[in-house]
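These notes are about the structure you will find just below.
The values are calculated or read from the model by the stated rules, or taken from the named source; none is laboratory data. These numbers were taken from a predicted model, which means no experiment stands behind them. FYI the Cβ positions are ideal-geometry reconstructions off the backbone, even for glycines, and counts take in every protein chain you see. Calculation scope for accessible area: heavy atoms of the full protein, side chains included, ligands and nucleic acids excluded. Shrake-Rupley method; radii C 1.70, N 1.55, O 1.52, S 1.80 Å.
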Amino acid sequence: MLIFAVNYHMKGKIIKSTGSWYQVMEFGTDKIFEARIRGKFKLIKTRLTNPLAVGDFVEFQLEQDDVAWITKIEQRTNYLIRKSVNLSKEAHIIASNIDLACFIFTLKHPETSLGFLDRFLACCEAYNIKPLILFNKIDVLNEEEIELVKDIEFLYQEIGYDTLEISSYSRLNFDQLQDLLKDRTSVFFGHSGCGKSTLVNALQPGLNLKTSEISDSHLKGKHTTTFAQMHFWDFGGNVIDTPGVREFAMIDIEKEEVQHYFPEIFKKREECKFHNCLHINEPKCAVLDSLETGEIQYSRYANYIKLMEEAEEAAQK
């Protein structure tokens, strides 16, 4: 009786990406394989710099020396992207198939801009990802700064976003945070130095991700994570650790669509005189009226206008 070796397709998810090599965890066994992609992936016409990302579900085949070759990517439920440093492409996928995207906001060391936060939230709205705003390093703030954080927190809670004040050192609200992360695929975002790696280490003792101190001269963080990788919580679920993101991106978005990703603006549009109102200088615009009354914040509106201008510029390229 002859027995033939069958090189069958296996299924798994990408848990690490260095750009040219990947790590794939097989479903069912949790065995991890070093993997590469077939040339056909590189030929896919796309405005993205990377064909695969951590969180992707894939099919793969094993060849000699247990090297896996990724042959197929499953349809993504969602993904987040950042602006690419490669000028020949539009954007780079940060992570995919995300259940919860956590934005780590720090009032100082380093200072997080509301523009960066609003861009992140708009991307979550555009790509159907649930966001959570984590106000980190609360323990280093004075009373006046804590009040400012609470004002910002209230602003975003009123819009409808979930928030939580945390500290990796005092473990403030860690029980609540673990409940939110449990059995989910989450991802942490924020400026370099905001405390992503420190937070992951505090939630999963023994992981020992590399961390770095804030630069005293510029009060900015140094990049300590150089590639995306998935880590697993003992309490259930996992987190995708990513390099510091300088700017999120939305591609293939029309300027008329941008208002859909600012919930308080989208809600008010029904009260505008014109159904196609862009809320710039149109008469009887409910959004502009809400700016005057304070129902919509100027900081949010300014970032909405900025994203509309970027979408228009991208359309003209």
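Across the options Phe262, Ala311, Cys272, the greatest Cα extent toward the positive end of the charge dipole of segment 255-316 (unit charges at beta carbon of Lys, Arg, Asp, Glu) belongs to Cys272.
Inter-label distance, Ile305 to Lys130: 3.5 nm, where each label sits 7 Å from its Cα along the C-beta direction. Extending 7 Å from the Cα toward the beta-carbon at both Tyr169 and His260 defines two label points whose distance is 4.4 nm.
For Ser20 and Asp179, compute 0.36 nm times the residue count separating them, minus their Cα-Cα distance, and round to one decimal in nm.
Numbers: separation 159, 0.36 × 159 = 57.24 nm, distance 3.51 nm.
Between Ser20 and Asp179, full extension yields 53.7 nm more.
Accessible area per residue for the chain in Å², computed with a 1.4 Å probe and the full protein assembly in place, what is it?
Details: 16950 Å² over 317 residues.
Accessible area per residue, the chain: 53 Å².
Between Glu144 and Phe232, take the C-beta separation as r, use R0 = 35 Å, and let me know the FRET efficiency to the nearest 0.05.
On the way: r = 40 Å, r/R0 = 1.13.
Step by step, r from the Cβ atoms, then E = 0.30.
The heavy atoms of Ser170 offer some 70 square angstrom of accessible surface to a 1.4 angstrom probe.
The modelled label-to-label distance for the pair Leu207/Glu271, using points 7 Å beyond Cα in the direction of Cβ, is 4.3 nm.
Measuring with a 1.4 angstrom probe and ignoring ligands and nucleic acids, Met25 comes out at about 20 Å² accessible. Put a plus charge on the Cβ of each Lys and Arg, a minus charge on the Cβ of each Asp and Glu, and nothing anywhere else: the dipole of segment 255-316 about its Cα centre is then about 140 debye. From helices alone, the chain scores -7500 deg cm²/dmol at 222 nm; the rule is -39500 (n - 2.57) for each run of n ≥ 4 DSSP H residues, then divide by the residue total. Taking every DSSP bridge with both residues inside the chain, close to 60 percent are antiparallel.
Applying a DSSP loop filter and a limit of 16 other Cβ atoms within 10 Å to the GluC sites (Glu not before Pro) in segment 97-146 leaves Glu111.
Taking the radius of gyration and the Kirkwood hydrodynamic radius from Cα positions alone, what is the Rg/Rh ratio for the chain, to two decimal places?
On the way: Rg = 21.6 Å, Rh = 21.4 Å.
My calculation puts Rg/Rh at 1.01.
For the chain, Cys102, Cys123, Cys124, Cys194, Cys285 have no disulfide-compatible partner, since no other Cys C-beta lies under 4.7 Å from theirs.
Taking all Cα-Cα distances within segment 234-317, those exceeding 16 Å account for 59%. Among the protein heavy atoms of the chain, carbon and sulfur supply 49% of the accessible surface, probe 1.4 Å, non-protein parts ignored.
Charge dipole (Cα centre; +1 on Lys/Arg Cβ, -1 on Asp/Glu Cβ; no other charges) of the chain amounts to roughly 1380 debye.
When the pairs Lys130/Lys196; Lys196/Lys268; Lys182/Lys267; Lys11/Lys83 are compared against a 24 Å limit on Cα-Cα distance, Lys196/Lys268; Lys182/Lys267; Lys11/Lys83 fall above it. Here's how it looks for Trp233: its modeled amide H is under 5 Å from those of Asn238, Val239, which are all 5 or more places away or on a different chain.
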